[in-house]
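Sharing a structure here in structure tokens format.
The values are calculated or read from the model by the stated rules, or taken from the named source; none is laboratory data. Because the structure is a prediction, the values reported are computed rather than measured. Positions of Cβ are generated from backbone atoms using ideal geometry, with glycine treated the same way; all protein chains shown enter the neighbour counts. Just the protein is used for accessible areas: all its heavy atoms, side chains included, with ligands, DNA and RNA removed. Shrake-Rupley method; radii C 1.70, N 1.55, O 1.52, S 1.80 Å.
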Amino acid sequence: MGELMRWEHTRMVRRMMDGAWEQDLQNRVAREVGRERADAWGIAKTTCMPLVSIARETAALYLTEPEVRVLDTPIYGPFAQAIQASGLWPRMPRFQAMTIALRECAWRVSVLPTGEIQYRPVYPDMLIMEGSPDQPDQPVEVKEMRYREDWGWCWDHICIEPDEPENPIYRVEQVSTGADISLEVLGGDFSGAAYPYRRNDGTPILPYVLYHAESLGDRIWNWRGNWETVQACLDLGVNYTFLGHVLRDASFPQRYTLDCGFVGAIPAGSDSFSQRVEVIADPAVIMRAESTQEGRQPLIGQFQAGADPAALEGVISSLANRIAIDAGLPPADIQRMGGTARSGYAIALSNEGKRAAARRYAPIFRRADEALISVTATLYNRATGLTLPEYGYQIVYRDLPLSPEELQARRANVIELMGAGLLSRVRAYQELNPGLTESAATNELARIDAERLRLTLP
């Protein structure tokens with residue numbers, strides 16, 4: 001039951017991120033106000049989804065392509081070119097946004113015999129994972145649901161038991177029957193000694209790398225990590241649907257007559273059952289009214305508008321703003337892309353806010369990114385016969401480029417601290433080149449000093 005709830009919730013969030021949540025909102029409206037009123041409100045309004053804005057705006061870690069290093073040296077050659085050709089880094093901003101919204105996402109890594117690297121995103125609603133007893137947030141068993149022609153829905157079942165690492169499992173199982181169809185789909189039995197995903201020393205690995213939006217360390221899934229935000233976005237959709245109903249049906253005064261008819265009025269519809277009539281109303285026309293009931297005084301009146309759309313929109317927009325703040329966005333970093341400061345549409349972070357979000361997520365995503373490159377190198381070795389390093393990869397993230405004013409202020413601050421003896425050269429170089437490790441900064445300064453010395457010699 002727990003897995004079913006996780007799948008259903010995650011699928012709904014994925015529909016929100018993909019803009020396909022209209023039916024979810026329509027169901028929510030019906031639950032809130034009943035089917036009859038929901039029909040009167042009309043089509044559910046999916047025009048505002050703060051979750052999408054929050055996830056996309058805070059997914060700033062890969063807006064500038066990171067650098068991959070091994071032993072403090074940037075990778076190069078066919079391996080680096082294959083990663084570049086795979087399109088991994090251009091796809092990472094969306095992948096990070098999905099990870100933030102869904103709380104977890106995974107990559108499935110494949111390397112063809114030609115050396116072509118393929119990265120396929122796998123979403124949590126298609127996965128069952130079991131964690132290691134010592135590292136509960138790191139999977140040792142994966143079952144991915146995939147659709148295969150002629151077989152329907154199948155499980156890709158891969159397992160490396162900590163107690164039996166010498167007997168890894170790789171099977172394809174039919175979901176409906178549970179039958180092992182590895183021979184028909186894979187062409188053979190790839191469990192045990194035939195397991196294909198191994199390091200140079202024979203250690204089996206998983207071809208999946210799981211990313212977390214939050215490092216908890218005690219579980220695989222944290223699918224309720226943004227439950228309040230998701231529910232608030234659904235409630236906000238209900239409110240905007242009501243606002244659309246008010247604008248369309250209740251934002252104008254309603255006129256009425258009692259025992260009164262207008263001379264010259266004609267039926268508005270073409271059928272004989274229409275109850276509507278029309279009369280010409282123009283400044284140059286004198287409208288003649290007459291009593292429809294002899295001896296009774298006719299009455300013409302007007303009801304005021306049923307609701308104030310401007311006041312209602314202001315309240316709803318304040319709720320949208322509250323969602324962003326409750327989701328962890330600092331109010332000082334939120335810049336509004338609208339006519340008023342209360343606008344709940346187009347939540348956007350300032351560049352400094354995006355840099356802060358990138359720094360917040362960097363430690364969490366770095367661990368998974370380095371594991372991803374390590375798995376990629378391992379599978380690249382198996383496919384091509386090379387002996388690339390399979391450990392020790394480092395990811396150096398780059399900040400969004402500073403504006404000239406920001407760059408000048410940062411440089412002046414670093415120089416001032418160095419002049420006062422409060423900052424070392426290595427630390428200063430790191431401040432001016434965010435993302436560099438201490439050893440990499442030391443090597444770069446040594447190279448600069450050697451080059452300066454060489455150029456000053458006669």
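Considering only protein heavy atoms and a 1.4 Å probe, what is the carbon-and-sulfur percentage of the accessible area of region 361-458? Each step should come with its number before you reach the end.
Details: 3350 of 5750 Å².
Here carbon and sulfur together make up 58 percent of the probe-accessible area.
Suppose we flag trypsin sites (Lys or Arg not before Pro) only when DSSP calls them loop and at most 13 other Cβ atoms lie within 10 Å. Which is the longest uninterrupted stretch of the chain? Before the final figure, lay out each step's value.
Details: sites that count: R219, R224, R276, R288, R296.
By the stated rule (loop sites, at most 13 other Cβ atoms within 10 Å), 1-218.
How large are Rg and Dmax for region 62-117 when calculated on the C-alpha trace, in angstrom?
13.0, 35
Taking Cα centroids, how far is region 146-196 from region 435-450 in Å?
Measuring centre to centre over Cα atoms gives 47 Å.
I'm checking a number: the convex hull volume of the Cα atoms of region 118-264, normalised per residue, in Å³. What is it? It would help to have the intermediate numbers written out before the result.
On the way: hull volume 38.6 nm³, N = 147.
For region 118-264, the hull spanned by Cα atoms encloses 263 Å³ per residue.
How much net charge surrounds R171 when only other residues with a Cβ under 10 Å from its Cβ are counted (Lys, Arg +1; Asp, Glu -1)? Could the numbers behind the result be given before it?
Details: positive: K143; negative: D156, E173, D180, D189.
Charge balance in the 10 Å sphere: -3.
Same structure again: Could you tell me the relative contact order of the chain? Use alpha-carbon pairs under 8 Å, at least six residues apart, and round to a whole percent. All intermediate terms of the calculation are to be shown ahead of the outcome.
On the way: 679 pairs, mean separation 84.7, N = 458.
Worked out over the chain, it gives 18 percent.
Please sort by residue number the GluC sites (Glu not before Pro) in region 99-165 whose DSSP state is loop and whose Cβ has at most 16 other Cβ atoms within 10 Å. The partial results should precede the final answer.
Details: sites: E104, E116, E130, E141, E144, E149; in loops: E116, E149.
Taking region 99-165 and a limit of 16 other Cβ atoms within 10 Å, the loop GluC sites (Glu not before Pro) found are E116, E149.
Express the carbon and sulfur contribution to the solvent-accessible surface of region 78-139 as a percent, rounded to the nearest whole number, probe 1.4 angstrom. Spell out each step's value before the answer.
On the way: 1250 of 2360 Å².
Carbon and sulfur together cover 53 percent of it.
Ignoring ligands, DNA and RNA, what accessible area per residue does region 390-458 give at 1.4 Å, in Å²? Could the numbers behind the result be given before it?
Values: 4710 Å² over 69 residues.
Per-residue value: 68 Å².
Using the Karplus curve 6.51 cos²θ - 1.76 cosθ + 1.60 with θ = phi - 60°, what ³J(HN,Hα) values do you get for each residue of region 202-212, in whole Hz, with x for Gly and Pro?
x, 5, x, 9, 8, x, 10, 10, 9, 9, 10
I'd like the FRET efficiency for A80 and L400, computed as 1/(1 + (r/R0)^6) with the beta carbon distance as r and R0 of 35 Å, rounded to 0.05. Before the final figure, lay out the partial values.
Numbers: r = 23 Å, r/R0 = 0.67.
The calculated FRET efficiency here is 0.90.
Please label the shape of region 1-66 as rounded, prolate or oblate, based on the square roots a ≥ b ≥ c of the eigenvalues of the alpha-carbon gyration tensor (a/c under 1.5 means rounded; beyond that, a/b larger than b/c means prolate, else oblate).
oblate
Just check region 120-181 against the gyration tensor rule for me: Cα atoms, a ≥ b ≥ c as the square roots of the eigenvalues, rounded for a/c under 1.5, and otherwise prolate or oblate depending on whether a/b exceeds b/c. Let's see the in-between values first.
On the way: a/c = 2.82, a/b = 1.57, b/c = 1.79.
Oblate.
Now for a different question. Using a probe radius of 1.4 Å on heavy atoms only, what accessible surface per residue do you get for region 88-216? Whole Å² is fine. Numbers along the way, then the final one.
On the way: 5670 Å² over 129 residues.
That works out to 44 Å² for each residue.
What do you get when you divide the Cα radius of gyration of region 50-182 by 2.2 N^0.38 Å, with N the number of residues? Don't jump to the answer; show the numbers that get you there.
Numbers: Rg = 17.6 Å, N = 133, 2.2 N^0.38 = 14.1 Å.
Normalised by 2.2 N^0.38 Å, the Cα Rg of region 50-182 equals 1.25.
Express in whole angstrom the spacing between the alpha-carbon centres of region 387-406 and region 7-61.
Each part's Cα centre sits 36 Å from the other's.
Further question: Run the Debye formula on the Cα coordinates of region 193-298, all scatterers equal and no solvent, and tell me log10 I(q)/I(0) at q = 0.16 1/Å.
Computed log10 I(q)/I(0) values: -1.00.
Less than 13 Å Cβ to Cβ from E416, Lys/Arg counted +1 and Asp/Glu -1: what total charge do the surrounding residues give?
On the way: positive: R410, R411; negative: E431.
In short, +1.
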